[in-house]
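What follows draws every value from the coordinates through simple rules; no lab data is involved. Remember, it's a predicted structure, so these values are computed and weren't measured experimentally. Neighbour counts are summed over all protein chains in view; Cβ atoms, including those assigned to glycine, are modelled from backbone coordinates with ideal geometry.
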Amino acid sequence: MRTTTRNITAIVLMVLAVLLGSAAMLGSAAARLADTPGPLQGILGPLASDPELRRVLPATLGTELAARITAQTAVPQILAGPLDNAIATAGGALFEDPSFRPAWEATIEATRVDFTARLQAAKDPGPGSPAEAEQVTLHLDLAPLLGSGYRTLHGSLQGSALGAVLPEAIPAAPVLLDTGWPRADQLPTETLDNWLSLARGWVWMLGGAVLAAAAGMLLATRTGRPWALLAGGAAALLLGTATRLWAGSLGSAGTGGGTADLEALVTNRLAAGVAGEFGAATTILVTGGIIVLLAGAGWAWLASRTQDPGPRG
């Protein structure tokens, strides 16, 4: 094989190695987010002690609690006012109850499981489903919190006339709040499904990246290896920068940055957290790209200084 062809092929293999390695890092982050509880708990778990959640959650839970209670039992009109007051008080006391944090963690996990299940259903809709599937967005399932809130309410009313008319428990049916994230114009469901399918094969992509990089360095000539490194470093730097910009757009998406309600609060925190998960991979890409670029440039400079100048006239 001619020297020029070998070096060009080596450069192509190095760029391919960077693409596969980048896909492996980003794919690993995406697969962990979708398939394991840890990352989402790390993103949304700290909201349990966030003052903004304490402000918006009691009103949402109170509305749902009142609806469940009145649907299950007839509350005398004379007790309607005391019930509203008791629900408001219990909503504030819920955050100090030992059951609150486990209920919040259960809510996060139920939300993740529901989201991935609906993504899979959108990928394999089955017969009779509409030709164009709806955008799958994250639904916050408040059922665990609602159960915890009702236990707090019921315990606070023990021995009272109002406590006597309340049921021992309320139905544990899902209580879903649609966050509206991700938006169809940012991350369509079909695209997200395809990406996740690829992401779950990140180990194979990592293996391919190692093989491509090794083949490229072995195939390149001694003078061509610095240029193969330069090409790989430049590809990593460009790809890392582009991915960081894309991840940043996810972090600022959807709700405009306000925290007027529970959905907006969760969506803002979630989008910023997902951007942070991918941001770690892009930092590795950008840093690695700069290091490899400098190494390639230094190697090329040393090679040019040590080349035999040939016989002098």
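Quick look at the values:
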item: Point-to-point label distance, T306-E168, nm (Cα→Cβ direction, 7 Å offset); result: 8.3
item: Cβ-based net charge around A173, under 11 Å, with every Lys or Arg adding one and every Asp or Glu removing one; result: -1
item: Of the DSSP H helices in the chain, those whose Cα atoms cover at least 27 Å axially and whose Kyte score averages -1.0 or more; result: 3-35, 51-72, 100-123, 225-251, 262-306
item: Percent of C-alpha pairs per 5 Å bin, segment 54-178, short to long; result: 2, 10, 19, 19, 15, 11, 8, 7, 5, 3, 1, 0
item: Long-range amide H partners of G180 with built H, under 5 Å; result: L138
item: Stretchable slack from R32 to T241, in nm (0.36 nm times residue separation minus alpha-carbon distance); result: 73.0 nm
item: Förster radius 35 Å - calculated FRET efficiency between L294 and R183, Cβ distance, rounded to 0.05; result: 0.35
item: Nitroxide proxy distance, nm - points 7 Å out along Cα→Cβ at N85 and A67; result: 2.6
item: Net charge contributed by nearby residues that have their C-beta within less than 13 Å of R32 (K/R +1, D/E -1); result: 0
item: Charge tally in the Cβ shell below 15 Å around P102, where Lys, Arg are +1 and Asp, Glu are -1, P102 excluded; result: -3
